[in-house]
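The values are calculated or read from the model by the stated rules, or taken from the named source; none is laboratory data. Everything numeric here is computed off the predicted structure, so don't read it as measured data. In this analysis, Cβ positions are derived from the backbone assuming ideal geometry, glycine residues included, and neighbour counts consider all displayed protein chains. Please note that ligands, DNA and RNA were not included when accessible areas were found on the heavy atoms of the full protein model with its side chains. Shrake-Rupley method; radii C 1.70, N 1.55, O 1.52, S 1.80 Å.
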Amino acid sequence: MTEPAASAASDKPAAPDKSFLGTQPLGPLMRRLALPAIASQLVALLYNVVDRAFVGHIPDIGVQALTGLGVVLPLLAVIQSFGAYLGAGCAPLAGMRLGARDMRGVQVAVGNAATLLVLVTVVELALCLLFGGPLLSAFGASPDTLPFAQLYLNIYLIGLPFILATHVFSMLLLGQGGSKEVLKANVTSSLVNVALDALFIMGFGWGIAGAASATVIAELVCVTILGRRLQRPDSAFRIRRDALKLQVETVRRIFSIGIGRFFVNSTEGVLVIVLNAQMQRFGGDAWVASLTILETLQMMCFGVSSGFTQGTQGILSYCYGAKLAQRTKDTMKRLVATGFAINAATTLLLMLFAPQVISLFTSDPDTIERTAQMVPLFLSGMTLFGIQLGIQTIFMSTGHGFCSLIVAAVRKIVLFIPLAFILPPFQGAFGVVLAEPISDFLSIAFCSCFFAIMYRKIRLQ
């Protein structure tokens, strides 16, 4: 049930006290950790929402610029997924070792993740500089929108080291109950982002280049705050020089635990790329603009429930590593039930106020009307998706990353991608929209059955 010790007991350094994760009343503790994490996710969404809102209202070229942004964002999601991969793999592993009182194992997990972060950043920069333009064209950029997408990508790459590090540092702080610190960092950087968006886009007239520049500077602010907090003496997951050398078993565990989150994040970008390409083929730039807004609304649905699961997963990893069986079981139940309730409520609110929310991103009446008509169908699967998100968090938090991978693969590879190609020839651009809810409902059913089968094994290990 717990991670094997990475070193002899006599070599273990003293650990900052994080025992509250296994001792404090579960309900109040989950609320205390989850609420700042949810707020942090909502604030982080401002990066994308504000960028799209400002870009969509650029005089004369707003729709084209928004479409170009919609094309580049899926590629950025794939790029960012590698940072999320390392954070999602390292934080639960470090949390389980922390629960087992193996502080040297904690240090090795965190140090190895930092080394992998540097390697991943170098490789991604090289690949994007070499193949960024052709990829954007392949992903649905038309001659009219490619210049906007290419410009945003080029500026974004300047901040890639900060952006990837932000994902890792956030997960490490959340894994030790530091949701308030993550919230502070995200609030600060989001305020910087909003202010710079207004200055660069509306004040200086930089257009989409201003949006990209604002994001890069805001990410630098965020990673600086997170990094300083992570290295404080009371942090259990500090980066130490003597733990940077890669260890095969630790690297294997980071990759195996984080693979599910990586697949979810990276293929989310791939799926959007498929959707954009299909929508461009069957509907054109106007429909791609609507799809960009729909994807933003879906991201807002995910943001709230994802904040809850990320804020509370540290409790589950700690209790699982400490062999607190009943508390582990209770935490699992609350993750799924509360995740479902949060996701359903958020989705229904967005459906209810769809036209008002859509108008934040564009002032074009045709785009608003067309997008609003598609919202109830496109988001219908999100009403239940909190169940699947909670289950996948359980798999990752207990070291069963491959199970999370299976669930995500069924939804995206087995269901979604085939439907995105099968339906449009019969339904046109509307078929691209229809593929989303069908795959969501079917994957939730599969995930629930799969978890019922795996639950006993997870609980008893």
- line: Checked segment 242-272 for anything polar (S, T, N, Q), more than 13 Å from G87 (Cα to Cα) and assigned to a helix (DSSP H, G or I); matches are T250, S266, T267
- line: Taking segment 334-387 and keeping residues under 18 Å from M299 (Cβ atoms), of a type in the set (A, V, I, L, M) and in contact (Cβ under 8 Å) with a residue 60 or more places away in the chain leaves I342, V357, I358, L360, M374, V375, L377, L379, M382, L384
task: Can you tell me which residue within segment 384-413, out of those that are part of a helix (DSSP H, G or I) and touching a Pro at 6+ places or on another chain (Cβ under 8 Å), is farthest from E436 (Cα to Cα)?
output: S397
- prompt: Inside segment 250-297, can you point out the residues that are of a type in the set (V, I, T) and open to solvent by less than 30 Å² (accessible area, probe 1.4 Å)?
  reply: T250, V251, I254, I257, T267, V272, I273, V274, V288, T292, I293, T296
task: Could you tell me which residue of segment 340-383 is farthest from the chain's Cα centre (by Cα), considering only residues that are in a helix (DSSP H, G or I) and charged (D, E, K, R)?
output: D366
message: Any residue at all in segment 319-328 that's within 26 Å of L29 (Cα to Cα), open to solvent by 10 Å² or more (accessible area, probe 1.4 Å), of a type in the set (G, A, S) and assigned to a helix (DSSP H, G or I)?
response: yes
- prompt: Among (1) touching a Phe, Trp or Tyr at 6+ places or on another chain (Cβ under 6 Å); (2) open to solvent by 70 Å² or more (accessible area, probe 1.4 Å); (3) not β-branched (V, I, T), which single condition is R232 missing?
  reply: (1)
field: Any hit, segment 50-69, residues being within 16 Å of the chain's Cα centre (by Cα), under 20 Å from G307 (Cβ atoms) and touching a residue at least 24 places away in the same chain (Cβ under 8 Å)
entry: no
- prompt: Are any residues in segment 294-321 at pLDDT below 85 and of a type in the set (A, V, I, L, M), and if so, which ones?
  reply: M299, M300, V304
query: Before we move on, is G132 over 24 Å from the mean Cα position of the chain (by Cα), in contact (Cβ under 8 Å) with a residue 12 or more places away in the chain and open to solvent by less than 20 Å² (accessible area, probe 1.4 Å)?
result: no
- prompt: Conditions: (1) modelled with pLDDT of 85 or more; (2) crowded, with 20+ Cβ neighbours inside 10 Å; (3) touching an Asp or Glu at 6+ places or on another chain (Cβ under 9 Å). Y156 meets all but one. Number of the miss?
  reply: (3)
